[in-house]
1. Quick check on my filter: what residues within region 82-102 are surrounded by 13 or more Cβ atoms within 10 Å (Cβ to Cβ), in a helix (DSSP H, G or I) and either at pLDDT 95 or above or not hydrophobic (A, V, I, L, M, F, W, C) (or both)?
2. Take region 82-118 and flag every residue that is touching a Leu at 6+ places or on another chain (Cβ under 6 Å) and either within 28 Å of residue 156 (Cα to Cα) or of a type in the set (S, T, N, Q) (or both).
3. Only residues that are of a type in the set (Lys, Arg) and either exposed (fewer than 11 other Cβ atoms within 10 Å of the Cβ) or more than 30 Å from residue 98 (Cβ to Cβ) (or both): list them for region 29-81, please.
4. Are there any pairs with C-beta distances below 8 angstrom linking a residue in region 48-77 that is free of Cβ contacts under 8 Å to residues at least 40 places away in the same chain to a residue that is surrounded by fewer than 10 Cβ atoms within 10 Å (Cβ to Cβ) and among the aliphatic types (A, V, I, L, M), with the two at least 6 apart or on different chains, and if so which?
5. Here are 20, 107: which of them is in contact (Cβ under 8 Å) with a residue 24 or more places away in the chain and part of a loop (DSSP other than H, G, I, E, B)?
6. Count, please, the residues in region 1-28 that happen to be among the basic types (Lys, Arg) and closer than 18 Å to residue 41 by Cβ.
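The values are calculated or read from the model by the stated rules, or taken from the named source; none is laboratory data. As the structure is a computational prediction, the values presented were derived from the model and not from experiment. When we count neighbours, we look across all protein chains shown, and the Cβ atoms used for this are built from the backbone with ideal geometry, even at glycine.
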Amino acid sequence: MTKLNELAPAPGSTKGRMRVGRGPGSGKGKTAGRGVKGQKARSGVAIAGFEGGQMPLHMRMPKRGFNNPFRLEFAEVNLWRLEQAVEAGKLKAGADVSVADLVAAGVIRRELDGVKLLGKGEIKSALKLTVYSATEAAIKAVEAAGGSVTVTKKVKVAAEAKA
């Protein structure tokens, strides 16, 4: 039985750190492997994308696209995943299923901005689902199985024309 004070790494598996600036005999004395003078010989060098004053490459390249900071991220659920959860006994057939129930059953990790129901796979169990949005195919498949889908997404209403 090995004692805690006798624990050591396997021979040759670790290497001691290089001690620089400790005289000419070490092979890493004087300039300590940094060469001679200049910005790179000093401490605090930060010149990764610098091109000597010339316009850097990342600024010369054309920019494309746009990242909308207000976009919504959805947790997507397919029909086959719901059926899998019912067969595993994590969801009850015929029961009301909310977002909290889906998280508790392990169907989705987290709610994000809402849950979107997608129509991939097939569902045999009748479930009463309440989700943010759902595809037409998913709604038809759930209703064909005897369930229902309640969509909580707010539909944009066109402003009435001023007379």
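1. 83, 84, 101
2. Answer for region 82-118, where residues must be touching a Leu at 6+ places or on another chain (Cβ under 6 Å) and either within 28 Å of residue 156 (Cα to Cα) or of a type in the set (S, T, N, Q) (or both): 97, 108, 113.
3. Of everything in region 29-81, those that are of a type in the set (Lys, Arg) and either exposed (fewer than 11 other Cβ atoms within 10 Å of the Cβ) or more than 30 Å from residue 98 (Cβ to Cβ) (or both) turn out to be 30, 34, 37, 40, 42, 60, 63, 64, 71.
4. 49/57; 51/57
5. On the way: 20 fails: in contact (Cβ under 8 Å) with a residue 24 or more places away in the chain.
Selected residue: 107, the only one of 20, 107 that is in contact (Cβ under 8 Å) with a residue 24 or more places away in the chain and part of a loop (DSSP other than H, G, I, E, B).
6. Restricting attention to region 1-28, the residues satisfying the condition of being among the basic types (Lys, Arg) are 3, 15, 17, 19, 22, 28.
Next cut, closer than 18 Å to residue 41 by Cβ only: 22, 28.
Summing the residues that are among the basic types (Lys, Arg) and closer than 18 Å to residue 41 by Cβ in region 1-28 gives 2.
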